[in-house]
Amino acid sequence: MSTVMETMDALEATLLAVPMLRGASSEMPGQLPAVPWAVVGVPELDYLTTHGGGSDRKFTIYLFTGTAVERVGQRQLAELLDTEGENSVPAALLADRTLGGVIDDLRIVSSRPLGVREVGIIGYVGAMLIIDTIGAEG
């Protein structure tokens, strides 16, 4: 089964292919270098399921766009969360549901706007995208 970090890195690599994103990371930076930016969070783990023979993990991808004073941030966020288009994060994730063979499958569960969130000392417009992964054996 793939490790948590291997899956986080594979998600980061997938996100880096989305043209609108200026970057992605599998760790929360102290300050965002540029926006739009994506951060792969440490997953929620269900140890009963994991140790009972499954390997499901629930990951949160945080998307940050323009600062709170920029009108364009919400529009960018809408484009990133859309299910279609070259800047669609869901479409990028579903294009290779195995993340290059790191996992067996993934499904997108939901998204939720975060409103304005501070990273460092700057407020950004953001959203969370929740995905479930089923780990690859290996």
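One table, with the values for the structure above:
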| item | result |
| --- | --- |
| Matching residues in segment 117-138 - criterion: being in contact with a Gly (Cβ under 9 Å, 6 or more places away or on another chain) and without any contact (Cβ under 8 Å) to a residue 60 or more places away in the chain | R117 |
| Matching residues, segment 83-96, being hydroxyl-bearing (S, T, Y) and touching a residue at least 60 places away in the same chain (Cβ under 8 Å) | S88 |
| Positions within segment 120-135 being assigned to a strand (DSSP E or B) and more than 18 Å from V89 (Cβ to Cβ), in sequence order | I122, G123, I134, G135 |
| Any chance T65 is within 18 Å of S25 (Cβ to Cβ) and either surrounded by fewer than 14 Cβ atoms within 10 Å (Cβ to Cβ) or hydroxyl-bearing (S, T, Y) (or both) | yes |
| Answer residue from segment 104-118, given it is touching a helix residue (DSSP H, G or I) at 6+ places or on another chain (Cβ under 8 Å) and hydrophobic (A, V, I, L, M, F, W, C) and is surrounded by the most Cβ atoms within 10 Å (Cβ to Cβ) among those | L106 |
| Of the criteria (1) modelled with pLDDT under 95; (2) acidic (D, E); (3) closer than 23 Å to R112 by Cβ, which one E12 fails | (1) |
| Which numbered condition S2 fails, given (1) modelled with pLDDT of 90 or more; (2) surrounded by 14 or more Cβ atoms within 10 Å (Cβ to Cβ) | (1) |
| Single residue of L99, L80, L114 found to be touching a residue at least 24 places away in the same chain (Cβ under 8 Å) and under 19 Å from D56 (Cα atoms) | L99 |
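The values are calculated or read from the model by the stated rules, or taken from the named source; none is laboratory data. Quick caveat, the model's predicted, so the values are computed rather than measured. Heads up, the Cβs are rebuilt from the backbone with ideal geometry, glycines too, and the neighbour counts pull from every protein chain shown.
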